[in-house]
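The values are calculated or read from the model by the stated rules, or taken from the named source; none is laboratory data. No experiment lies behind these values; they were computed from the predicted model shown. Every residue, glycine among them, receives a Cβ derived from its backbone with ideal geometry; neighbour counts consider all protein chains shown. Ligands, DNA and RNA are stripped out before the accessible areas are found, and what is left, the full protein with its side chains, is counted by its heavy atoms. Shrake-Rupley method; radii C 1.70, N 1.55, O 1.52, S 1.80 Å.
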Amino acid sequence: MMLLTRSTLITKLVASSLLLASLSWQAAFAQSNTAVPDDNFDVELIVDGLPKSWSLALSPDNEIFVTDRSGRIIVFDQQWNKKSYTTSINDVFSEGQGGFLDLTFHPDFLSNGWIYLSYSAGNSDSNRLKVVRFQLPESGNKVSTIEDVFTVKTDKDTPVHYGGRLAFLSDKSLLISTGDGFDYREQAQVKSSHLGKILRVSDTGKAVDDNPFYDKEAPESNVNFVFSLGHRNPQALLVSNSGVIISHEHGPAGGDEINIIEAGNNYGWPVITNGMDYSGAVITPFTEYKGMQQPNFDWTPSIAPSGMILYESSKLASLSQHLIATSLKFKQLRAVMFDGIGMSNERILLSNFQERLRDIEQDNEGNVLLLTDGEDAKIYKLVAK
């Protein structure tokens, strides 16, 4: 019997890990090809000539808000008349993937007027995600009523992977998605770091004492804000009418995921993934690990998902109860049936569309609105043929 030296054993283990990772990559790749084209939809142009924008949000009084990444808020009324607002926020860092990001509205918006905004703040050497809230002025175009809500405690020197999505729960607490900062991916597994997490705060930014890792002996601890961990770059965050929290996030080269988010869960990054490093290197030999959640849905190869809605209207009846995600990479929509527990039967919409899609929103009439990416951004309405 031939005995293996330690170096030979390590070599064989690494080779086995590479083989397993390669096999899991191939399996996931095959799974992603089950999407079925659906050519029953087209788009109607609503607005063009917008600056480089990030978020499309419907207010409770049925106005459409768009975030201009350079630091403005654009508002359309129900007749698509436009108004643009500047702010007194002076620490916006809009390089790379940064700038003004997501918008959401306080559950009591109709009585208090509070609008919540996430953005990247700082400079190229030290930047972070911040959340503020503001009220629109009664007259004029300058927003001056602004309050700090939350600042991610872990600084970084990369202009990417901010996360930045916002969503309120029924108890009026606020969920905030944060990215791993790209070069800081190990921080996604460190509970005392705010990178690579979904955080939960009160509507004024305090840690909520029933958060899963809340330490009553250390009320200022960073861990008190953590709702879930092990995320790479969550680009969608929503709460269904029944209270289910759903997010999707960018994987590396492969391994984009949709996850049902539950308090205290670890979603695995970077210990487990179906993706590979952009260089082709193996990030980890593991696609499963004890105590870490498997994705509810996986896209390999990556589609670079951006926004997402759970469509719950009958106006576009064939899309009812589907998660609809915009894709930056493939310039299309992906519709996945959601039954409240699982996800299946993916369809590809707008397979011949020619523009990167940045965000998606459903208006009060059941229309699906799409925001394109980059300079000269546009808003389209999805229509049945």
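When each of the peptides 224-234, 53-63 is scored by how many other beta carbons lie within 10 Å of its residues on average, the order from highest to lowest is 224-234, 53-63. Between the alpha-carbon centres of the range 318-385 and the range 33-50 there is a gap of 7 Å.
Surface composition of the range 234-385: carbon plus sulfur atoms hold 46% of the accessible area, using a 1.4 angstrom probe and ignoring ligands, DNA and RNA.
Any chance you could run the full-extension gain for THR34 through LYS385? It's 0.36 nm times the residue separation minus the Cα-Cα distance, nm to one decimal. Could the numbers behind the result be given before it?
Values: separation 351, 0.36 × 351 = 126.36 nm, distance 2.37 nm.
Residue separation times 0.36 nm, minus the Cα-Cα distance, leaves 124.0 nm.
A full extension of the chain between SER344 and VAL75 corresponds to an added length of 93.3 nm, given 0.36 nm per residue minus the alpha carbon distance. Of all lysines in the structure, those lying under 21 Å Cα to Cα from LYS216, and not within fewer than 8 positions of it along the same chain, are LYS153, LYS191, LYS197, LYS206.
Report Rg(Cα)/(2.2 N^0.38 Å) for the range 244-380, keeping two decimals. If you can, show how the numbers build up before the last one.
Numbers: Rg = 15.7 Å, N = 137, 2.2 N^0.38 = 14.3 Å.
Cα-based Rg divided by the globular estimate yields 1.10.
Mean-square fluctuation check for the chain, GNM, Cα pairs under 10 Å: which of TYR184, TYR267, TYR162 is largest? Sorting by GNM fluctuation, first place goes to TYR184.
Since only LEU323, GLY196, VAL92 are under comparison, the one whose Cα sits farthest along the positive direction of the charge dipole of the chain, derived from C-beta charges on Lys, Arg, Asp and Glu, is GLY196.
Peptides 87-93, 132-138, 34-40: what's the order by average Cβ count within 10 Å, highest mean first? Working shown, then result.
Details: 87-93: 14.3, 132-138: 16.6, 34-40: 12.4.
Most protected by this proxy first, the peptides run 132-138, 87-93, 34-40.
For GLU346, GLU312, GLU262, the ranking by accessible surface with the largest value first comes to GLU262, GLU312, GLU346, using a 1.4 Å probe. Over the C-alpha atoms of the chain, the Rg to Rh ratio, Rh being the Kirkwood estimate, stands at 0.98. One Cα centroid belongs to the range 86-131, the other to the range 174-216; the line between them spans 17 Å.
Taking the C-alpha atoms only, the angle from helix 6-32 to the longest principal axis of the chain is near 40 degrees.
Scalar couplings 3J(HN,Hα) for the range 134-149, obtained by applying the Karplus form with A = 6.51, B = -1.76, C = 1.60 to θ = phi - 60°, are 8, 10, 5, x, 5, 8, x, 10, 10, 7, 10, 8, 10, 10, 5, 10 Hz; x denotes Gly and Pro. On a per residue basis, the chain carries 43 Å² of accessible surface, using protein heavy atoms and a 1.4 Å probe.
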